[in-house]
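Beneath this line is the structure, given in structure tokens, with notes to follow.
The values are calculated or read from the model by the stated rules, or taken from the named source; none is laboratory data. It should be emphasised that the depicted structure is a prediction, and the values quoted were computed from it without experimental measurement. As a convention, Cβ positions derive from the backbone with ideal geometry for all residues, glycine included, and neighbour counts pool all protein chains shown.
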Amino acid sequence: MRSIVRGGVLAGAALMLAGCGSFDGKREGGPVAGPAPAPAETLVPDRPVKIGAPYAVDGVTYTPADIADYDEVGYASWYGDELAGKPTANGETFDPAAISAAHKTLPLPSYVEVTALDTGRTILVRVNDRGPMANDRLIDLSRGAAEQLGLKPGVAGVRVRRTSPPAAERAQLRAGKAVPARIPTPDSLLAILRSKLTGKPSPAAIAAGVAKPAAPAAPPPRTKPGDDRFIVEGPGGKAPPTASAPPKPAPAATSGSYAVQVATFSTEARANATAKVVGGSVGKAGNLWRVRMGPFASEADAKAALGKAHAKGFRDAVITRDR
């Protein structure tokens with residue numbers, strides 16, 4: 001008998017809890033269930049990653065490459081509904097509302113942080129297509145990505161930096177949804193990034209197709225300290241015009257164990273341009289060209305040279321020592 005009563009009490013309590021916070025079917029309070037996560041089978045895949053062979057468009061050859069530290073400044077355009085439902089370069093279906101982009105050479109898919117240089121706003125974008133193939137623009141954003149970044153139709157200056165986001169953010173973008181914007185880029189860094197656009201035509205000229213961006217005289221790339229794998233390319237993978245004369249290294253000791261590693265490039269022309277700016281020298285390192293300052297006989301001399309490299313915009317230059 002006691003068990004029956006206890007069962008009745010528990011059943012009554014359950015009914016009271018079930019009815020708590022509602023009246024005539026209308027919920028008045030209590031927790032609200034969140035949206036169910038997208039089933040894994042409905043998400044587009046991240047594997048296999050496709051790099052692809054070199055290809056040519058309008059006489060220009062582009063060479064896709066897996067550059068983990070890709071970091072470039074240029075102009076972004078965006079496309080809307082005209083390609084909706086059509087296949088992307090890696091076989092997915094283009095959704096204008098998704099947060100995606102097209103790039104000439106990055107692996108498909110890749111994840112990049114795109115920063116609007118006028119506002120400092122930064123968002124995470126999934127690259128799943130090839131392009132843009134006109135006017136030397138750096139990246140094409142989907143309508144959804146452009147709206148999240150706050151860009152208007154046309155073109156705008158941006159920074160594109162490859163990154164490796166957490167699995168949850170990857171899944172969100174694969175489902176076509178945006179992830180929260182990154183912390184805004186500080187004004188001090190924005191000033192450096194904007195300076196990289198020096199010598200390039202205005203967005204209006206690029207949009208009109210009447211001008212092509214010129215390579216900056218002194219491109220200050222970002223590199224990881226001591227990392228020679230970083231490759232800097234011009235928009236579309238094209239190198240700037242070759243300098244008329246080899247750079248003259250700044251006076252330095254003919255021997256010494258200290259040097260300043262400034263940057264490493266995939267094209268000799270860009271290495272020569274950088275060496276000319278910092279007063280360094282260019283050396284071949286496999287298939288790459290390395291810009292160094294020195295050698296220096298003392299660490300003090302090397303630190304002075306490092307300060308010069310930093311002042312020229314090469315903030316990730318480092319001192320190396322031969323032992």
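Filter the stretch 61-85 for residues that are among the charged types (D, E, K, R), modelled with pLDDT of 90 or more and part of a loop (DSSP other than H, G, I, E, B) and give the result.
First, pick out the residues of the stretch 61-85 that are among the charged types (D, E, K, R): 66, 69, 71-72, 81-82.
Cutting the leftovers down to modelled with pLDDT of 90 or more gives us 66, 69, 71-72.
Result: Asp66, Asp69.
Of everything in the stretch 236-286 that's under 30 Å from Pro64 (Cβ atoms) and basic (Lys, Arg), which residue is modelled with the lowest pLDDT? Ranking the qualifying residues of the stretch 236-286, first place goes to Lys238. Restricting attention to the stretch 86-105, the residues being touching a residue at least 60 places away in the same chain (Cβ under 8 Å) and either assigned to a loop (DSSP other than H, G, I, E, B) or aromatic (Phe, Trp, Tyr) (or both) number 6.
In the stretch 99-132, of all residues being small (Gly, Ala, Ser) and in contact with a Ser or Thr (Cβ under 6 Å, 6 or more places away or on another chain), the one that is nearest to Leu197 (Cα to Cα) corresponds to Gly120.
For every residue, the table says whether it meets (1) farther than 25 Å from Ala56 by Cα; (2) crowded, with 20+ Cβ neighbours inside 10 Å; (3) under 12 Å from the mean Cα position of the chain (by Cα); (4) of a type in the set (A, V, I, L, M).
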position: Gly91; (1), (2), (3), (4): no, no, no, no
position: His103; (1), (2), (3), (4): no, yes, yes, no
position: Ile139; (1), (2), (3), (4): no, yes, yes, yes
position: Pro153; (1), (2), (3), (4): yes, no, no, no
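Close contacts from the stretch 187-201, counting a first residue that is under 18 Å from Arg161 (Cβ atoms) and assigned to a helix (DSSP H, G or I) and a second that is at pLDDT 90 or above and among the aliphatic types (A, V, I, L, M), with Cβ to Cβ under 6 Å and a gap of 6+ residues or different chains, come to Leu193/Val73; Leu193/Leu117; Arg194/Leu117. Being in the same structural domain as Leu141 (by TED's automatic domain parsing), under 23 Å from Pro180 (Cα atoms), aliphatic (A, V, I, L, M) and surrounded by fewer than 23 Cβ atoms within 10 Å (Cβ to Cβ) is a property that Ala84 lacks.
For the stretch 150-162, what are the residues that are farther than 15 Å from Ala102 by Cα and touching a residue at least 60 places away in the same chain (Cβ under 8 Å)? Across the stretch 150-162, the qualifying residues are Leu151, Pro153, Gly154, Ala156, Gly157. Please work out which residue is farthest from Leu189 (Cα to Cα), limiting yourself to the stretch 289-303 and to residues that are of a type outside the set (D, E, K, R) and surrounded by 14 or more Cβ atoms within 10 Å (Cβ to Cβ). Of everything passing the filter in the stretch 289-303, Ala297 is farthest from Leu189 (Cα to Cα). Selection of first residues in the stretch 275-290 that are free of Cβ contacts under 8 Å to residues at least 12 places away in the same chain and of second residues that are in a strand (DSSP E or B), restricted to Cβ pairs under 6 Å at least 6 apart or on distinct chains, gives the following pairs, ordered by first then second residue: Gly283/Arg290.
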